[in-house]
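Accompanying notes for the structure given below.
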Amino acid sequence: SSVTGVQTCALPISSLTTGKIALRDKHMYETLESDKFPEISFRLTSPITSDAAASLKPGDEVKVVANGVWTMHGVSKDISIPMKVKVLKDAGNPILIRAKFDLNDPDFGIPQYTYLGLTTEDTSTITLNLQMHTP
């Protein structure tokens, strides 16, 4: 079984949060230069496949890898994102896609940010939680 539907997903920088305080979010938007680069996108370059996905039942989960191009801060890079796909037991059995991975900020031209003597690291941890519904 494979997923080939939506091949590009784009998110506005303004929808991202650090999970902390508003000031930290503001600093993130400044570092990512959200006025010049307002979106982050991921474009699939090959189908997401899994032999186990065809037989998933509510409550089941399978690990897959999404290969594609991540674009951030005006730079595009080929990446592979390990994901967990789970069929929820809710009405209509929506699908939950979860991923957590690291990106090297300098690869995307993102500088370190310093504020009150604290400096960001060169690695950003990206956490995705997407819920999909079939039409």
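The table below lists the values:
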item	result
Some residue of segment 69-76 being under 18 Å from Glu121 (Cβ atoms) and touching a residue at least 60 places away in the same chain (Cβ under 8 Å)	no
Filtered residue count, segment 83-105, keeping only those that are open to solvent by 70 Å² or more (accessible area, probe 1.4 Å) and either modelled with pLDDT of 90 or more or within 12 Å of Ile126 (Cα to Cα) (or both)	4
Candidate set: segment 52-82, residues that are assigned to a strand (DSSP E or B) and basic (Lys, Arg); chosen: the one modelled with the highest pLDDT	Lys77
Whichever residue in segment 26-66 is of a type in the set (A, V, I, L, M, F, W, C) and over 30 Å from Glu121 (Cβ atoms) and, among such residues, is most open to solvent (accessible area, probe 1.4 Å)	Ala54
Scan of segment 26-43 for residues that are under 16 Å from the mean Cα position of the chain (by Cα), modelled with pLDDT of 90 or more and not acidic (Asp, Glu), ordered by number	Pro38, Ile40, Ser41, Phe42, Arg43
Some residue of segment 84-94 being touching a residue at least 24 places away in the same chain (Cβ under 8 Å) and more than 17 Å from Leu130 (Cα to Cα)	no
Failed criterion for Cys9 (all others in (1) part of a strand (DSSP E or B); (2) open to solvent by 40 Å² or more (accessible area, probe 1.4 Å); (3) modelled with pLDDT of 85 or more hold)	(3)
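The values are calculated or read from the model by the stated rules, or taken from the named source; none is laboratory data. Since the structure is predicted, the reported quantities are computational estimates derived from the model, not experimental observations. Note: ideal-geometry Cβ built from the backbone for every residue, glycine included; neighbour counts use all protein chains shown. Side chains are part of the model used for accessible areas, which takes the heavy atoms of the whole protein and leaves out ligands, DNA and RNA. Shrake-Rupley method; radii C 1.70, N 1.55, O 1.52, S 1.80 Å.
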